[in-house]
1. So which residues in region B:324-342 are open to solvent by 60 Å² or more (accessible area, probe 1.4 Å) and in a helix (DSSP H, G or I)?
2. Looking only at residues that are touching a helix residue (DSSP H, G or I) at 6+ places or on another chain (Cβ under 7 Å) and within 12 Å of chain A (Cβ to nearest Cβ) in region B:102-131, which one is modelled with the lowest pLDDT?
3. Looking only at residues in region A:113-149 that are acidic (Asp, Glu) and at the interface with another protein chain (Cβ under 9 Å from one of its Cβ atoms), which one is surrounded by the most Cβ atoms within 10 Å (Cβ to Cβ)?
4. For region B:115-131, which residues satisfy the criterion of being more than 13 Å from B:VAL93 (Cα to Cα) and open to solvent by 60 Å² or more (accessible area, probe 1.4 Å)?
5. Consider region A:66-78. How many of its residues are surrounded by fewer than 15 Cβ atoms within 10 Å (Cβ to Cβ) and free of Cβ contacts under 8 Å to residues at least 12 places away in the same chain?
6. Out of region B:273-302, which residues are among the acidic types (Asp, Glu) and under 25 Å from the mean Cα position of the chain (by Cα)?
7. Out of curiosity, is A:PHE154 open to solvent by 60 Å² or more (accessible area, probe 1.4 Å) and among the aromatic types (Phe, Trp, Tyr)?
8. Determine if region B:93-100 includes at least one residue that is more than 26 Å from the chain's Cα centre (by Cα) and more than 26 Å from B:PRO172 (Cβ to Cβ).
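The values are calculated or read from the model by the stated rules, or taken from the named source; none is laboratory data. In this text the structure is predicted, and so the values were computed from the model without any measurement. Cβ placement follows ideal geometry from the backbone for every residue including glycine, while neighbour counts extend to all protein chains displayed. We work out accessible area using only protein heavy atoms, side chains counted, and drop any ligands, DNA or RNA first. Shrake-Rupley method; radii C 1.70, N 1.55, O 1.52, S 1.80 Å.
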Amino acid sequence: MESLLQPLWLSVKLAGITTLLLLVLATPIAWWLAQTRSGLKPLVQSLVALPIVLPPTVMGFYLLIVLGPAGALGSWWVELTGSALTFSFTGLVIASCIYSLPFAVQPLAVAFESLGKQKLEAAWTLGASKADAFFSVALPLSVRGYLGAMVLSFAHTLGEFGVILMVGGNIPGETRVVSIAIYDQVESLNYAAAHRLSALLLVVAFVALFTMFLVNRRWRR
Amino acid sequence: MIGLRYRVERPGFSLDVDLELPLRGISGVFGESGAGKTTLLRCIAGLEAAHASRLSVAGETWEDTQEGIALPVQRRDIGYVFQEPRLFDHLAVRANIDYGRKRRAGETASNFDHIVELLGLEKLLERRPAELSGGEAQRVAIARALLSAPKLVLMDEPLASLDRARRDEILPFLERLHAEARIPIIYVSHNIDEVCRLCDHLVVMEAGRVLASGVLQDVLVRLDIPVLGGDNAGSIIDGVVASYDGDDDLTRLEFSGGSLWVPGHAGAEGATLRLRTQASDISLCRSRPEQSTILNILPAQVEAIEGSEGPTMLVRLRLGDDRIVARVTRRSVRELGLQEGDSLFAQVKSVAVRPPRPVTP
């Protein structure tokens, strides 16, 4: 049972932390994308969407290099904390944030775009600063976008495999998430354990999506 | 005084406006769509950037490109009523109205109750915007703007998005608001009827320029402004209720050029009413018609005749200190030999009466 729950807990923890970080990270990016008329928009859009089309192994390979003790980010991290980013939980969080970024940015950008400028203008004329209007009008009116971003980021991070294998390896309690554990069990022909883990992940993923669509329907009414 | 000067250059459009508007009452900005009315209003609010600008309200400078002053939108004490209500869907009506109140100090609770009552919103306060009709939503938007402690209220065709019934539902509220005349209002409209009902001062715009600006009555009788011709041609007289004839159900009003009968009990004795006459409802006679069904026949003097083409011409008449515009055919002008300075009689076929005018202190 221990071996079953530990990878699951790790997966949920990774997906949860990644989702929370992504909401903060994706908000300004999505806001900028929805508002800007800059020529840089297609460039930023492409960069953000890259993880959707890139094979996870390619992403993982580049991340391994950047996050590794010799890489730009990795060496700085080693200097700062004394430990390496690769093959650590923190490294996984960073990799997941990049890997799942488009799944947080897209729903938010759509929500912000459909919000338009009209209500914000009204808020400004009523004495609200730009920041105030964002938090008191734009944010609450984009709740559904946030819900979508949360569920998609969470589910996508939960199902991550290639990137984690490349960056995190297979360290129990540290980087051995469910998807890796399943692979591991199958490799050692332990189909019963693989079945249990797979079923667990299936249930978690389904419940997450089902909740989103249910809540979404409630809101529409 | 509200002093404003704006110059905006955009592909296919330019705005060049230099105006002084009174700090009292409602100033109407009238013109066809594309005249730059909305752009002007957005400039005043700070929602639009201008190439050159100067704006001062009651001695406070809000904007001056030469001095490098430009208050951001939220620091200009304005109340903006857009064409659409633009209510915040996640907040109840009360919270929508409170949005501006909370952010700008100075509005008291009694004023809240007063405006809510004035706009008839008492029963709607706990509702969500989605549960309001178009007319109700716009009334909430007006209350929200008025209660944000503005020094200047900007209204951009607040009735344009509504059907006739909804419009007639809101106009009386705006008239009551006008009667209080506490905050200056700039009211943009392409509907001459609304302008005549609500405004004291009138600015006429065309293609980004100001064609005329002045007291409503004076601007309306100018014959050289095309947009004030056609169906829009008409004039306004302020009359005082003198007596009511209960037998015939007619009210007599006095003004500088004599007296006018209007149908019904138009108002209490001594009340000042705004009377509007359409140019096409006025005909002219050389001598006083003896047996006519028309009640209102008044001596008048021709002040100007205008109209270079088409079958009709506009004639401006002086009646005492007031002036009205009549539309007559070119043939009539020729056959009667009408000339400036002629004395004749004006038959006024119908008069539209507006509710009691505010008693401006």
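1. B:ARG330, B:ARG331, B:ARG334, B:GLU335, B:LEU336
2. B:GLU107
3. Keep residues of region A:113-149 that are acidic (Asp, Glu), which gives A:113, A:121, A:132.
The next check asks that each one be at the interface with another protein chain (Cβ under 9 Å from one of its Cβ atoms); those that pass are A:121, A:132.
Working: A:GLU121: 18, A:ASP132: 15.
Only one residue fits best here, namely A:GLU121.
4. Residue satisfying the conditions is B:GLU117 alone.
5. Looking only at that region, the number is 3.
6. The initial filter retains those residues of region B:273-302 that are among the acidic types (Asp, Glu), namely B:281, B:290.
Once the filter is applied, which keeps residues that are among the acidic types (Asp, Glu) and under 25 Å from the mean Cα position of the chain (by Cα), region B:273-302 yields only B:ASP281.
7. Values: open to solvent by 60 Å² or more (accessible area, probe 1.4 Å): no; among the aromatic types (Phe, Trp, Tyr): yes.
So A:PHE154 does not fit the description; no.
8. Looking for residues that are more than 26 Å from the chain's Cα centre (by Cα) and more than 26 Å from B:PRO172 (Cβ to Cβ), one finds at least one in region B:93-100, hence yes.
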